1. Consider the stretch 51-66. How many of its residues are in contact with a Leu (Cβ under 9 Å, 6 or more places away or on another chain), touching a residue at least 24 places away in the same chain (Cβ under 8 Å) and not hydrophobic (A, V, I, L, M, F, W, C)?
2. Given (1) among the polar types (S, T, N, Q); (2) farther than 21 Å from residue 206 by Cβ; (3) touching a residue at least 24 places away in the same chain (Cβ under 8 Å), identify the lone condition not met by residue 21.
3. How about the stretch 1-59: which helices (runs of 4 or more DSSP H) wholly inside it have at least 3 residues that are in contact with a helix residue (DSSP H, G or I) (Cβ under 9 Å, 6 or more places away or on another chain)?
4. Give the residues of the stretch 168-183 that are of a type outside the set (A, V, I, L, M, F, W, C), at negative phi, surrounded by 14 or more Cβ atoms within 10 Å (Cβ to Cβ) and not in a helix (DSSP H, G or I), sorted by residue number.
5. Does residue 186 satisfy the condition of being free of Cβ contacts under 8 Å to residues at least 60 places away in the same chain, closer than 18 Å to residue 144 by Cα, exposed (fewer than 15 other Cβ atoms within 10 Å of the Cβ) and not β-branched (Val, Ile, Thr)?
6. Tell me yes or no: at least one residue of the stretch 47-62 is under 17 Å from residue 132 (Cβ atoms), under 12 Å from the mean Cα position of the chain (by Cα) and not charged (D, E, K, R).
7. Could you list all residues from the stretch 92-125 that are part of a helix (DSSP H, G or I), touching a residue at least 40 places away in the same chain (Cβ under 8 Å) and more than 16 Å from the chain's Cα centre (by Cα)?
Amino acid sequence: MQRDWDERARENPRFYIVNSQQTWTDGEFYRGGRQTVANEILTDMINICQGRDPKQMKILEIGCGAGRVTRALADLFGEVHAVDVSGEMVRLARAACGDRSNVFIYQNNGADLSVIGELVLDFAFSSCCFQHIPSRDVIERYVREVARLLRPGALFKFEVQGYVALDAPADDTWLGVSFSDAEAVAMAQRCGFEPRYRVGAGGEQFWLWFFRK
């Protein structure tokens, strides 16, 4: 994962983050991040904030890439802690968020979230990340680590590859591994979450709402 995403970041990072066109201006690229927050965060504030002031919340983003969504999250929440396995992507994300003092970006090891330490977090989010991971075991380790860091009752909202008919190679870091609805539910229960809502089973964007028990 680290090698492949470092190479993609050196080649054309914005294309590999949003591959609907080859080149993106700063305005286009970061506007897409704001749109992700508008679509997936602002429409779901009851589940995410649970009565808390977002400016008082510490949140986690997994797979921050070049900071496209991270910047928009920082405009909404008090602290944003973001991780990516690619050192090249982390470098780009830190540059993109250099004017936001409430953003903390880390390169993690691709296996756990030990780089975050023992922070108690109020919300965790991930988009366009787990669809690229070729191992269910690795994804489940991430989910367990999020459970370790989230306060009880807090939400982990994320998406996985749900297209179970996909026949990707075992080491494909672009297509990744898929989850059926039953597999997603079982993972939540093993990791200490209540899988309260699920949208998009069978498709590329299978969104999961896991609430920490």
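Derivation of every value follows stated rules applied to the coordinates shown; laboratory data play no part. Bear in mind the structure is a predicted one, so any value in this text is a computation, not a measurement. Here Cβ is always computed from backbone atoms with ideal geometry, including for glycine, and neighbour counts include all displayed protein chains.
1. So the answer is 4.
2. (3)
3. 2-11, 13-17, 26-40
4. Passing the criteria: 172, 173, 178.
5. Here the answer is yes, as residue 186 does meet what is asked.
6. Within the stretch 47-62, one or more residues are under 17 Å from residue 132 (Cβ atoms), under 12 Å from the mean Cα position of the chain (by Cα) and not charged (D, E, K, R).
7. Across the stretch 92-125, the qualifying residues are 92, 96.
Per-residue answers, yes or no, for (1) more than 19 Å from residue 201 (Cα to Cα); (2) free of Cβ contacts under 8 Å to residues at least 40 places away in the same chain:
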residue	(1), (2)
137	yes, yes
140	no, no
154	yes, no
160	no, no
165	no, yes
176	no, no
